[in-house]
Amino acid sequence: MESDSKQSLFSMLKRGNASSGAAALGNVCIAIIKGIAAFITGSGTMFASTMHSIADAVNQGFVYAGSILSERKPTKRFPTGFGRLINIFCMVAVIVVSIMAYETIKEGLHLIRHPAESHGFWLNFIVLTVSLLIDGIILFKAMKEIVRETRAKAKGLAVVKAAFLHVKRAAPPTRLVFYEDLVATSGALLAIITVVATAIAGVSIMDGICALLIGLLMVGVAFRVGYDNMVGLIGVAAPIEVEERIAAIIFADPDVTDINKMRIVQEGRFYHVEAYIELRTGLTLAVADDIKFRVRDKLLVDSDIADVTLGIIEDNGVINWSSSPRN
């Protein structure tokens, strides 16, 4: 029994979003290292970077937990499943980012008004360089996850371009990791430039300016992620590429002549498909039912589709189907 529970726990953890899990562990390590360096050197830039890493670690931990819970199967009480749970967890993450951004901006403004001399240049430089490397690795992992989830065909450095093009179609936790680590990597690079410039030029005010800029970047992440997940909580239509892919599966059946209506709602990383399909004329009800179930089974092979509801009508002789316009 104990081994079964351990196996069950392991399988649950394995189902969680890989990008957010790796990012949470990486940012815990980074936050500890940065926090020690900020305490020793008194650097405002390092303090801001530490706040950012703490926010990232907490957020991505929340999101990883949410991605596990959202994978639960539908129940009688929740027949459409738990896909939108991940959006709720991401909104909690937005609140954490916003609080950390406020603290970072406040510290930045304080250092601009009252510049403080920091020391320990080499410690700051080494810690920030390590942070840049770790955040860069996590960011690239998130990019590869975007490519995998959106089924974009890209390898090597082409993954970077593909990730930026298709990020809107990725799962909510992957999007959050991508945006946060994009800012984290940019912030680490900005912090390195500031530490070097401050050491060379001796202009202490740059420390506060850098902290302020990192805080503003965090605000940008909070707004972007908050908007995406607010839309997800309301219930959003599937991207046009997904709609076309599902339509192609339906039309691949030789007995289907048209799609009269179709609605695809995205919940988390899953899609719920409802459609009325037109079949060739002259079929008995029993044969039409068999065709309906055949089409449904083909759609459910797609791992991104959670459930399918199909209605069948006889071909009305009019072409009804066209890709839905996007506002």
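Taking a ≥ b ≥ c as the square roots of the eigenvalues of the Cα gyration tensor, the range 240-314 is classed as prolate, since a/c reaches at least 1.5 and a/b is larger than b/c. Using θ = phi - 60° in the Karplus curve 6.51 cos²θ - 1.76 cosθ + 1.60, the 3J(HN,Hα) couplings for the range 172-177 round to x, x, 5, 4, 4, 4 Hz; x is entered for Gly and Pro.
For Lys153, the lysines whose Cα falls under 19 Å of its own Cα, not counting residues fewer than eight places away in the same chain, are Lys141, Lys144, Lys161, Lys168. If R0 equals 22 Å, the separation of the Cβ atoms of Tyr276 and Asp302 corresponds to a calculated FRET efficiency of about 0.70. Loop sites by DSSP among the trypsin sites (Lys or Arg not before Pro) of the chain, restricted to those with at most 15 other Cβ atoms within 10 angstrom, leave 156-279 as the longest stretch without any of them. The Ile319 and Ile200 beta-carbon pair, evaluated with R₀ = 41 Å, returns a calculated FRET efficiency of approximately 0.05.
Put simply, the amide H of Thr257, placed in the peptide plane, has neighbours under 5 Å in Glu278, Leu279, Arg280, leaving out anything fewer than 5 places away on its chain.
Working from label points 7 Å from Cα in the Cα-to-Cβ sense, the Val287 to Val130 distance is 7.2 nm. Could you tell me whether the range 36-195 comes out rounded, prolate or oblate from its Cα gyration tensor? Rule is a ≥ b ≥ c as square roots of the eigenvalues, rounded for a/c under 1.5, then prolate if a/b exceeds b/c, otherwise oblate. Because a/c hits 1.5 or more and a/b fails to exceed b/c, the range 36-195 counts as oblate.
Set against the labelled values (1) 1.01; (2) 0.96; (3) 1.11, Rg/Rh (Cα atoms, Kirkwood Rh) computed from this structure falls on (3). The aspartates and glutamates within cross-link reach of Lys298, meaning a Cα-to-Cα straight distance under 20 Å and a gap of 8 or more places when in the same chain, are Glu149, Glu241, Glu243, Glu244, Asp253, Asp255, Asp258, Glu274, Glu278, Asp289, Asp290, Asp307. Counting Lys and Arg as +1 and Asp and Glu as -1 over every other residue whose Cβ lies under 10 Å from the Cβ of Gly235, the net charge comes to 0. Sorted largest first, the spans of the alpha carbon positions of the range 76-125 along the three principal axes are 62, 26, 9 Å.
As a proxy for reagent exposure, ranking Met230, Met143, Met91, Met46 by other Cβ atoms within 10 Å from fewest up yields Met230, Met91, Met143, Met46.
Helical content of the chain, expressed as a calculated mean residue ellipticity at 222 nm, amounts to -23500 deg cm²/dmol (DSSP H runs of 4 or more residues, -39,500 (n - 2.57) each, divided by residue number, nearest 500).
Ordering Val236, Leu69, Phe270 by Cα displacement along the dipole of the chain toward the positive end leaves Leu69 in first place; charges were set at the Cβ atoms of Lys, Arg (+1) and Asp, Glu (-1).
All of the numbers you see were taken from the coordinates with simple rules; none came from a lab. Given the structure is predicted, the values throughout are model-derived calculations rather than measurements. Glycine gets a Cβ as well: all are built from the backbone with ideal geometry, and neighbour counts include every protein chain shown.
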